[in-house]
Amino acid sequence: MSDLLIEKGRVIDPASSTDHIADVLIREGRIVEIGHAIEVASRDTLRCIDATNCIVAPGLVDLAAEFREPGHESDETMASGSAAALAGGYTTVLCCSSTDPKMDSAASVQLVRQLADDVNGVRVHPIACLSKQRRGEQMAELGILAQAGAVAFSDSPRPMPSDALLKRALDYCRMFDLPIFDRPEVPGLAEGGVMHNGCVGLRLGLRGLPTEAEDLAVARDVRLAEATSGRLHIGPVSTMGAIDMIGRVKERGIQITASVCPHNLTGSDVDLCSFDSRFKVHPPLRSPRHVDAVRQALAAGVIDAVESGHMPRAWEKKSNDLDQAPFGAATLETTLSIMVTDLINPVELTWSRAIECLSTAPATIAGINGGRLQVGQPADVVVIDPSATWTVNADQFASQCRSSPADGRTLTGRATHTIVGGHVKFSRQP
Amino acid sequence: MDAPKTLHELSLPSWPHRHLVDLEHLSPQEILTLLRTADQLKQLTGGCREKLSILAGRTCANLFFENSTRTRNSFSLAAKRLGADTVEFSSGGSSVAKGETFVDTAKTIQAMGVDWVVTRHQTPGTPHLLSRELDVCVINAGDGPHEHPTQGLLDILTILEHRVDCRDQGPSWRDTSTDASQVLRGMTVALVGDIAHSRTARSNLWGLHKLGAHVIVCGPPTLVSPRWEELGFEVAYRLDDILGRCDVLNLLRIQFERQSTRPFPSVHEYAALYAMNGARMKRAKSDILIQAPGPINRGVEITPDVADGPHSVILEQVTNGIAVRMAALSLTAWADVTFRDANSDGSAAVMEAAS
């Protein structure tokens, strides 16, 4: 493997509070030197990337994306999902247990890892099922799943309906020191809901997903995390009530983490006035005051991380009426650009905080190596052109999913190179 | 006056909308244009009874995914009164059960060469989806709890005929120089009952509001969101509190089929609190109008003596339903002619004029 030199970029590593112009030298899959005008003995076997005016950051880490293989290949395959992740600047993705067979056995976890190895693209870490068959009744064999390579447990995007099971699992999981992810929603309050329960939903006559369905679940989650001292990650959150509770328990020193999806930082329920199913996403697009609160909570650190919320669904499923169309959208390829366009450029978020939300914090939450741009670390790196302007066209996504709430938007900032373990797995010509 | 034989001879005002999907996005003037056209066609057809040929050669497809008797027959009759052919598709969700999507079903029907798709569906927004996917006029005959624009129009037409026509002073709604947003000024209309699940309520709300009426939504809090106040409507939970102020009561049916939860303890209790009965009639204004979109649940929202009494205009609403549907078909066809004219070499307009 030839050496790789990323030259003259603005190197940002939130973990070490680094933010300066430097070169990054990669050798045998690891970062071996970060410094000014690195001298290399021989340039013959060297590949150079000119990162002038670009950001050089640890590769992005996604906390929860659905790669629908095996079982739902019409939505997404490991190959298309991996390509979408790399195009979006991600070097690591935690993939959800919503495959078929569901990831509730060692064999199914190993199968997903094998599929990922075969594709050899983005790093994939399985999130195994928390409950057997994702039914929310009995605990899955968490120890065996951990041995098979699961890094977290969750039935997400399905919420955990049973308080007792969640409490038991949080308690039990402490012996593996692995996190449980819960998508907070009380199913009984959200049944049949299609969109945020607000004035817009009232006008449109669409069934609502009330904020209290999320708030109550968060209230339960934080209490159970406190009671068990288990590792709990709550996400994605989208309501003022959820943020308020998470902020207060964090102040009391309770160890919980939370994440948000990009569409809850930028869109609002008004988008549903078009009755277009590409806006039927989870969590639902909330009213503007919730969006404002979520943005502030992200800047303040009450919310730790941004997850893509990538829930790809085949076009034939999405191109239906709003009751029939499933929740979901392709988001891996737009998340970074939305962060730049809607949060960094308006100066609500610094670049360092944005990279922390997209890379450092997710890696820490998942307890995996990554999210750091430091000497000795595996060379998972993203090069970002912060001024690249592009118009989203979902038909051109690497993802198989053609549905995106950002479709048609003109965004700024985009990954130009995605490097996984020293290999340039993705590059985009300007 | 000779009866008009073509759309051109009807001398319709210019109309920009090929589709009629809701009232919320129409201007007061546009709503009044629809109502005036309905009035005009009602008179030309001798009270919706005689036939014209202004839409001869065109075909109206009724695509109903939910049960309906009156609305579907009303649209069919309206089309036939104007000389159009009709074709009926009532899938009741069966095509979805067979795996065909709603849009595919509609495209199949479009391919048979129809000019309008009149659609009813349990999901809000389906007419909007069809209007994007199809190249024919789409008329919403009810999309879940969202809107039912022709129902709103026929309710308002009935009010105009009964109340505004009888006013001694003030501008006539038939006069084209009248300010549309003031036509119902001074009128208080209460929609009573299941506001949450009612498309009739939403179409009435926007239509009445745009024409200047004061609108009250009344029912149990589980069916009447306080957010309606944010949208400019009065919210009331007790019918008896507002009864004396109302010029019109529109008694909505309890939509048992749409309620996933039980929003009130029993039908018995609902009737006790909200049914319009003889005792309540005595406390109402002496000239109150009683409307109901039907089908009515006698003994639930309305007692038989009121439904069949002198203040009830329920059957006139049914007649006016044909009038507003004739207007909807004519105006959308008129917009279609204009649209095709603008998007082709003008041959559509020439053919229309020659026919």
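The values are calculated or read from the model by the stated rules, or taken from the named source; none is laboratory data. Remember, it's a predicted structure, so these values are computed and weren't measured experimentally. Here Cβ is always computed from backbone atoms with ideal geometry, including for glycine, and neighbour counts include all displayed protein chains.
Scanning the stretch B:51-79 for residues that are of a type in the set (D, E, K, R) and surrounded by fewer than 17 Cβ atoms within 10 Å (Cβ to Cβ) yields B:LYS51, B:ARG70. Here A:ALA190, A:ALA152, A:ALA140 are screened, and the one residue that is out of contact with any Asp or Glu (no Cβ under 6 Å at 6 or more places or on another chain), away from chain B (no Cβ under 14 Å) and surrounded by 18 or more Cβ atoms within 10 Å (Cβ to Cβ) is A:ALA152.
Among the candidates B:LEU130, B:LEU208, B:LEU153, the residue that is in contact (Cβ under 8 Å) with a residue 60 or more places away in the chain, in contact with a helix residue (DSSP H, G or I) (Cβ under 8 Å, 6 or more places away or on another chain) and either part of a loop (DSSP other than H, G, I, E, B) or among the aliphatic types (A, V, I, L, M) (or both) is uniquely B:LEU153.
Within the stretch B:17-29, take every residue that is in contact (Cβ under 8 Å) with a residue 40 or more places away in the chain and more than 14 Å from B:VAL136 (Cα to Cα) and give me the one that is surrounded by the most Cβ atoms within 10 Å (Cβ to Cβ). Looking at residues that are in contact (Cβ under 8 Å) with a residue 40 or more places away in the chain and more than 14 Å from B:VAL136 (Cα to Cα), I get B:LEU23.
The residue of the stretch A:201-212 that is nearest to the other protein chains (Cβ to nearest Cβ), among those that are part of a helix (DSSP H, G or I) and either surrounded by fewer than 23 Cβ atoms within 10 Å (Cβ to Cβ) or hydroxyl-bearing (Ser, Thr, Tyr) (or both), is A:LEU202.
In the stretch A:309-317 there is at least one residue matching the filter, namely being touching a Phe, Trp or Tyr at 6+ places or on another chain (Cβ under 7 Å), of a type in the set (A, V, I, L, M) and either in a helix (DSSP H, G or I) or crowded, with 20+ Cβ neighbours inside 10 Å (or both).
Filtered by the rule that a residue be within 20 Å of the chain's Cα centre (by Cα), farther than 22 Å from A:ARG183 by Cβ and in a helix (DSSP H, G or I), the stretch A:76-114 gives A:MET78, A:ALA79, A:SER80, A:SER82, A:ALA83, A:LEU86, A:ALA87, A:ARG113. Of all residues in the stretch B:183-199, those that are more than 11 Å from chain A (Cβ to nearest Cβ), closer than 21 Å to B:GLN317 by Cβ and not in a strand (DSSP E or B) total 5. Residue count for the stretch B:285-315 under the criterion of being in contact with a His (Cβ under 8 Å, 6 or more places away or on another chain) and either part of a helix (DSSP H, G or I) or farther than 21 Å from B:ASN204 by Cα (or both): the result is 0.
Within the stretch A:180-200, being in a helix (DSSP H, G or I), of a type in the set (Gly, Ala, Ser) and touching a helix residue (DSSP H, G or I) at 6+ places or on another chain (Cβ under 6 Å) holds for one residue alone: A:ALA190. Counting only residues that are of a type in the set (Val, Ile, Thr) and modelled with pLDDT of 95 or more, the stretch B:167-194 holds 3 of them. Report yes if some residue within the stretch A:376-393 is surrounded by 21 or more Cβ atoms within 10 Å (Cβ to Cβ) and at positive phi; otherwise report no. The answer is no; no qualifying residue exists.
A:ASP163: under 21 Å from A:THR257 (Cα atoms), more than 14 Å from every other protein chain (Cβ to nearest Cβ), without any contact (Cβ under 8 Å) to a residue 60 or more places away in the chain and not basic (Lys, Arg), yes or no? Break it down into steps so the answer makes sense when it comes.
Details: under 21 Å from A:THR257 (Cα atoms): yes; more than 14 Å from every other protein chain (Cβ to nearest Cβ): yes; without any contact (Cβ under 8 Å) to a residue 60 or more places away in the chain: no; not basic (Lys, Arg): yes.
Spelling it out, it is not the case that A:ASP163 is under 21 Å from A:THR257 (Cα atoms), more than 14 Å from every other protein chain (Cβ to nearest Cβ), without any contact (Cβ under 8 Å) to a residue 60 or more places away in the chain and not basic (Lys, Arg).
In the stretch B:112-127, the residues that are within 14 Å of chain A (Cβ to nearest Cβ) and within 18 Å of B:ALA335 (Cα to Cα) reach residues that are among the acidic types (Asp, Glu) and buried (at least 24 other Cβ atoms within 10 Å of the Cβ) with C-beta atoms within less than 7 angstrom, at least six apart or across chains, in these pairs: B:PRO127/B:ASP143.
Selection over the stretch A:319-341 of residues that are surrounded by 24 or more Cβ atoms within 10 Å (Cβ to Cβ), within 9 Å of chain B (Cβ to nearest Cβ) and farther than 11 Å from B:LEU129 by Cβ gives a count of 0. For the stretch A:248-303, the set of residues classified as within 14 Å of chain B (Cβ to nearest Cβ), in a helix (DSSP H, G or I) and among the basic types (Lys, Arg) consists of A:ARG278, A:ARG289, listed by residue number.
Of all residues in the stretch A:214-233, those being surrounded by fewer than 24 Cβ atoms within 10 Å (Cβ to Cβ) and assigned to a helix (DSSP H, G or I) number 10.
Counting just the residues of the stretch B:128-153 that are within 12 Å of chain A (Cβ to nearest Cβ) and among the polar types (S, T, N, Q), which one comes out nearest to B:THR69 (Cα to Cα)?
Once the filter is applied, the top-ranked residue is B:ASN140.
Are any of the residues in the stretch A:77-90 at negative phi and without any contact (Cβ under 8 Å) to a residue 40 or more places away in the chain? For the stretch A:77-90, residues at negative phi and without any contact (Cβ under 8 Å) to a residue 40 or more places away in the chain: absent.
So that you can scan it fast, the table gives a plain yes or no per residue for (1) within 29 Å of A:LEU373 (Cα to Cα); (2) crowded, with 24+ Cβ neighbours inside 10 Å:
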| position | (1), (2) |
| --- | --- |
| A:SER80 | yes, no |
| A:CYS96 | yes, yes |
| A:SER108 | no, no |
| A:LEU111 | no, no |
| A:ASN120 | yes, no |
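The rows are residues; the columns are (1) of a type in the set (A, V, I, L, M); (2) more than 14 Å from every other protein chain (Cβ to nearest Cβ); (3) more than 23 Å from B:LYS285 (Cα to Cα).
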site	(1), (2), (3)
B:TRP206	no, no, yes
B:ALA213	yes, yes, no
B:CYS218	no, yes, no
B:LEU223	yes, no, yes
B:VAL235	yes, no, no
B:ASP241	no, yes, no
B:CYS246	no, yes, no
B:LEU249	yes, yes, no
B:PHE264	no, yes, yes
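Give the residues of the stretch B:261-284 that are part of a loop (DSSP other than H, G, I, E, B) and under 18 Å from B:LEU243 (Cβ atoms), sorted by residue number.
Within the stretch B:261-284, B:ALA275, B:ASN277, B:ALA284 meet the criteria.
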